[in-house]
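Here is the structure we will look at, set down as structure tokens.
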């Protein structure tokens, strides 16, 4: 594990989700579901917390590099390469690396209705 603070990981954030977690999107990319609304930076703060917890690193090690005001973000993780961070996030999503299983639900039942 080296220091690769500027290797970026692309992901999408889905605010106002039923529960906070990391999932794989329809396109195979990472989706971070957060309960917080996309207002006053609340979703960004929760996104950083969810990612840090999934990676097992301090919240201070995770930084949004691009997309502060967008659902599409690029993050950097101090102390982890992008490949290692992505592998850990995919593992926390409960799917084997490189495998895609259906659309993200972010804690909602099929059909998109809120629980």
Problem set entry | Hits in the stretch 19-39 - residues which are exposed (fewer than 14 other Cβ atoms within 10 Å of the Cβ) and either modelled with pLDDT of 95 or more or not in a loop (DSSP other than H, G, I, E, B) (or both) | 37
Exercise. Could we say that residue 36 is over 15 Å from residue 11 (Cβ atoms) and within 14 Å of the chain's Cα centre (by Cα) here?
Worked result: yes
Problem set entry | Filter result for residue 16 (part of a loop (DSSP other than H, G, I, E, B), at pLDDT below 95 and within 16 Å of residue 106 (Cβ to Cβ)) | no
Exercise. Can you name the residue in the stretch 104-115 that is over 15 Å from residue 11 (Cβ atoms) and surrounded by 14 or more Cβ atoms within 10 Å (Cβ to Cβ) and is also modelled with the lowest pLDDT among such residues?
Worked result: 108
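Yes/no matrix, rows are residues, columns are (1) at pLDDT 95 or above; (2) crowded, with 19+ Cβ neighbours inside 10 Å; (3) part of a loop (DSSP other than H, G, I, E, B); (4) at negative phi:
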{"position": "49", "(1), (2), (3), (4)": "yes, no, no, yes"}
{"position": "52", "(1), (2), (3), (4)": "yes, no, no, yes"}
{"position": "65", "(1), (2), (3), (4)": "yes, no, no, yes"}
{"position": "74", "(1), (2), (3), (4)": "yes, no, no, yes"}
{"position": "79", "(1), (2), (3), (4)": "no, no, yes, no"}
{"position": "90", "(1), (2), (3), (4)": "no, yes, no, yes"}
Problem set entry | Among the candidates 43, 61, residue that is surrounded by 17 or more Cβ atoms within 10 Å (Cβ to Cβ), touching a helix residue (DSSP H, G or I) at 6+ places or on another chain (Cβ under 8 Å) and without any contact (Cβ under 8 Å) to a residue 40 or more places away in the chain | 61
Problem set entry | Subset of the stretch 6-40 (residues that are under 19 Å from residue 94 (Cα atoms) and in contact with a helix residue (DSSP H, G or I) (Cβ under 6 Å, 6 or more places away or on another chain)) | 9, 13, 20, 22, 30, 32, 34
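The values are calculated or read from the model by the stated rules, or taken from the named source; none is laboratory data. Because the structure is predicted, anything quoted here is derived from the model rather than measured. Please note: Cβ atoms are built from the backbone with ideal geometry, for glycine as well, and neighbour counts cover all protein chains shown.
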